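Here's the structure, in structure tokens; my notes come after.
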Amino acid sequence: MISAFWLALISGFAHASWNALAKSPGKERAATLTALIISLVAAIIRWATMSHATVELKHLPWIAMAGLGEATYVYALGMAYARGELALTYTVTRASALVFIWPLSLLAFSTVPSWLALAATALVTIGILLTKKNAEAGGVSGWHPGWTLLTGAAVAVYHTGYKGAVDGGATQVLAFIGAITIAIPLLLIAVGREVRAQIPPLLAEKRMLAAGVLCAASFLLMLEALATAESGRILGVRNSSVGFALIFAVLFFKERMSPRQWLGVAVLFGGVAVFGIEQALR
């Protein structure tokens with residue numbers, strides 16, 4: 001059986017991959033929604049191949065929490081991107097999620113992180129912050145505190161919701177299907193007619209099909225990892241997606257990284273490695 005650490009790491013790779021495939025300038029919200037819709041279909045197909053899957057009434061509050069977290073995450077991130085520099089916004093979002101996740105875990109599950117887990121969290125957070133780009137002169141700069149921090153909090157909320165559902169015995173794929181089924185209608189209402197009109201053409205694109213499948217894989221692997229490990233640890237390892245995304249940007253989009261950004265990637269993956277060591281010692 002693959003350990004929770006490796007499941008979360010592969011989930012981070014899949015998360016960065018589907019985001020890279022879904023990169024659609026001017027259609028970011030529509031592309032994200034398209035990937036979510038396709039991921040829902042992929043998850044339903046996966047469910048149809050299973051011999052047994054369980055979800056009960058007691059799981060529904062947790063699934064609703066995850067669904068509301070997902071909807072808030074996608075909407076708030078779009079609003080934050082519209083008001084701040086993309087790379088810095090994404091960086092602060094992932095870093096702030098790590099700050100929010102441990103207090104939520106303590107409140108929801110009485111989880112007390114070890115000192116090694118806190119050290120790993122700190123390394124991942126520092127690494128993420130080091131990877132940020134400086135805003136270009138004359139462009140949109142900085143990050144919007146309200147929408148960006150709300151996005152990070154939403155990431156922590158959906159992680160907590162998923163953790164509560166799988167800890168209670170819900171089958172991972174059904175927890176995901178339930179949460180996304182809640183999130184998609186809310187998002188379709190919230191984004192407006194113009195964004196909704198961009199979705200049908202995107203559904204026909206092969207890259208979006210691949211993005212949707214990878215999106216489903218990313219979440220289902222995360223849920224599998226959450227079944228045996230705390231949400232703070234899994235989010236910390238899964239935030240390796242920031243490092244993978246930067247590497248993809250260099251390899252496939254011919255973007256350049258500064259020495260500070262390369263240092264950030266190294267520190268980030270150093271923190272991920274400490275999570276692996278911490279898990280092995282438990």
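The values are calculated or read from the model by the stated rules, or taken from the named source; none is laboratory data. Just so you know, these numbers come straight off a predicted model, no measurement behind them. Reconstructed Cβ throughout: ideal geometry from the backbone, glycine too, with neighbour counts over all protein chains shown.
Close Cβ contacts (under 7 Å, 6 or more residues apart or on different chains) running from residues in the range 211-237 that are more than 15 Å from His159 (Cβ to Cβ) and in contact (Cβ under 8 Å) with a residue 40 or more places away in the chain to residues that are basic (Lys, Arg) and surrounded by fewer than 24 Cβ atoms within 10 Å (Cβ to Cβ) are absent.
Please pick out the residue among Leu88, Leu130 that is modelled with pLDDT under 90, at negative phi and out of contact with any helix residue (DSSP H, G or I) (no Cβ under 8 Å at 6 or more places or on another chain).
On the way: Leu130 fails: out of contact with any helix residue (DSSP H, G or I) (no Cβ under 8 Å at 6 or more places or on another chain).
Selected residue: Leu88, the only one of Leu88, Leu130 that is modelled with pLDDT under 90, at negative phi and out of contact with any helix residue (DSSP H, G or I) (no Cβ under 8 Å at 6 or more places or on another chain).
Pick from Ile45, Ile38: which is surrounded by fewer than 22 Cβ atoms within 10 Å (Cβ to Cβ), assigned to a helix (DSSP H, G or I) and of a type outside the set (Ser, Thr, Tyr)?
After ruling out the rest, the residue left standing is Ile45.
Count, please, the residues in the range 255-282 that happen to be without any contact (Cβ under 8 Å) to a residue 24 or more places away in the chain and surrounded by 18 or more Cβ atoms within 10 Å (Cβ to Cβ). Summing the residues that are without any contact (Cβ under 8 Å) to a residue 24 or more places away in the chain and surrounded by 18 or more Cβ atoms within 10 Å (Cβ to Cβ) in the range 255-282 gives 0.
Pairs are defined by a Cβ separation below 6 Å, a sequence spacing of at least 6 or placement on different chains, a first member in the range 177-199 that is surrounded by 15 or more Cβ atoms within 10 Å (Cβ to Cβ), and a second member that is among the acidic types (Asp, Glu) and part of a helix (DSSP H, G or I); the pairs so defined are Ala179/Glu70; Ala183/Glu70.
All told, Ile101 falls short of being farther than 30 Å from Leu130 by Cβ and assigned to a helix (DSSP H, G or I).
In this entry, Gly78 is excluded by the filter for residues that are of a type outside the set (Phe, Trp, Tyr), touching a residue at least 60 places away in the same chain (Cβ under 8 Å) and either buried (at least 22 other Cβ atoms within 10 Å of the Cβ) or over 27 Å from Gly127 (Cβ atoms) (or both). Every listed requirement among (1) in a helix (DSSP H, G or I); (2) in contact with a helix residue (DSSP H, G or I) (Cβ under 8 Å, 6 or more places away or on another chain); (3) more than 16 Å from Thr111 (Cβ to Cβ) is met by Ala170 save one, (1).
Checked across the range 250-259, the condition of being of a type in the set (Phe, Trp, Tyr), at pLDDT 90 or above and part of a helix (DSSP H, G or I) holds for no residue.
Across the range 235-246, a minimum of one residue is classified as among the charged types (D, E, K, R) and closer than 22 Å to Val124 by Cβ.
Working only within the range 182-226, note down all residues that are in a helix (DSSP H, G or I), among the small types (Gly, Ala, Ser), more than 18 Å from the chain's Cα centre (by Cα) and over 30 Å from Pro61 (Cβ atoms). If the condition is that a residue be in a helix (DSSP H, G or I), among the small types (Gly, Ala, Ser), more than 18 Å from the chain's Cα centre (by Cα) and over 30 Å from Pro61 (Cβ atoms), then Ala197 is the only one that fits. Residues in the range 4-35 that are over 22 Å from Ser231 (Cα atoms), surrounded by 20 or more Cβ atoms within 10 Å (Cβ to Cβ) and among the aliphatic types (A, V, I, L, M): Leu21, Ala22, Ala30, Ala31, Leu33, Ala35. Under 6 Å between Cβ atoms, at least 6 apart or on separate chains: pull out the pairs that start in the range 22-33 with a residue that is in contact (Cβ under 8 Å) with a residue 40 or more places away in the chain and end on any residue that is not aliphatic (A, V, I, L, M). What qualifies is Lys27/Gln198; Arg29/Gly78; Ala30/Gln198; Ala31/Ser24. Residue-level analysis places Val265 outside the set of residues that are within 19 Å of Ala4 (Cα to Cα), in contact with a helix residue (DSSP H, G or I) (Cβ under 7 Å, 6 or more places away or on another chain) and β-branched (Val, Ile, Thr).
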